[in-house]
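**Student:** Next up is a structure, given as structure tokens.
The values are calculated or read from the model by the stated rules, or taken from the named source; none is laboratory data. All of these numbers come straight from a predicted model, not from anything done at the bench. Every residue, glycine among them, receives a Cβ derived from its backbone with ideal geometry; neighbour counts consider all protein chains shown.
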Amino acid sequence: MAQPKQSTNKGIGATVKQFVVDNFLFGKDPEGFYDDDSFLERGIIDSTGVLELIGFIERTYSIRINDDEMLPENLDSLNRVVKFVNKKMNSGA
């Protein structure tokens, strides 16, 4: 079984934030955008964008996100994504 890619919280956060900025904010990092901000409430990512984010996370970190894991608790802020990805990588999922 392949070992999960090792990454620090900061590395995951920076990688995911760059993806969000590049793909949803067209390269402009919004002022006052914090790691705990809800992507949906801030209008940064819509429901279709969440699917793009999921695909990016799965490809980048070699993990599978199950349907029952596609929840705001796991994917609706930078900090939530980092926590979720770490949990998935550490479980070998």
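**Student:** Do you know which residues across the stretch 61-71 are assigned to a loop (DSSP other than H, G, I, E, B) and either in contact with a strand residue (DSSP E or B) (Cβ under 9 Å, 6 or more places away or on another chain) or charged (D, E, K, R) (or both)?
**Tutor:** Arg64
**Student:** Of the conditions (1) touching a helix residue (DSSP H, G or I) at 6+ places or on another chain (Cβ under 7 Å); (2) in a loop (DSSP other than H, G, I, E, B); (3) over 15 Å from Ser77 (Cα atoms); (4) not small (Gly, Ala, Ser), Asn23 fails just one. Which one is it?
**Tutor:** All conditions are met except number (2).
**Student:** Next question. Would the stretch 24-35 turn up any residue that is modelled with pLDDT under 95 and small (Gly, Ala, Ser)?
**Tutor:** Yes: one or more hits.
**Student:** For the stretch 63-93, what are the residues that are among the small types (Gly, Ala, Ser) and at pLDDT below 95?
**Tutor:** Ser91, Gly92, Ala93
**Student:** Give the residues of the stretch 9-40 that are farther than 14 Å from Arg80 by Cα and among the acidic types (Asp, Glu), sorted by residue number.
**Tutor:** Answer for the stretch 9-40, where residues must be farther than 14 Å from Arg80 by Cα and among the acidic types (Asp, Glu): Asp22, Asp29, Glu31.
**Student:** Report yes if Gly49 is loosely packed, with under 13 Cβ neighbours inside 10 Å, in contact with a helix residue (DSSP H, G or I) (Cβ under 8 Å, 6 or more places away or on another chain) and either without any contact (Cβ under 8 Å) to a residue 24 or more places away in the chain or part of a helix (DSSP H, G or I) (or both), otherwise no.
**Tutor:** Taking the combined requirement at face value, the residue does not satisfy it.
Listed here are the residues, each with its yes/no results for (1) assigned to a helix (DSSP H, G or I); (2) crowded, with 16+ Cβ neighbours inside 10 Å; (3) free of Cβ contacts under 8 Å to residues at least 40 places away in the same chain.
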{"site": "Glu41", "(1), (2), (3)": "no, no, yes"}
{"site": "Ile45", "(1), (2), (3)": "no, yes, yes"}
{"site": "Leu53", "(1), (2), (3)": "yes, yes, yes"}
{"site": "Arg59", "(1), (2), (3)": "yes, no, yes"}
{"site": "Glu73", "(1), (2), (3)": "yes, no, yes"}
{"site": "Val81", "(1), (2), (3)": "yes, yes, no"}
{"site": "Val85", "(1), (2), (3)": "yes, yes, no"}
{"site": "Asn90", "(1), (2), (3)": "yes, no, no"}
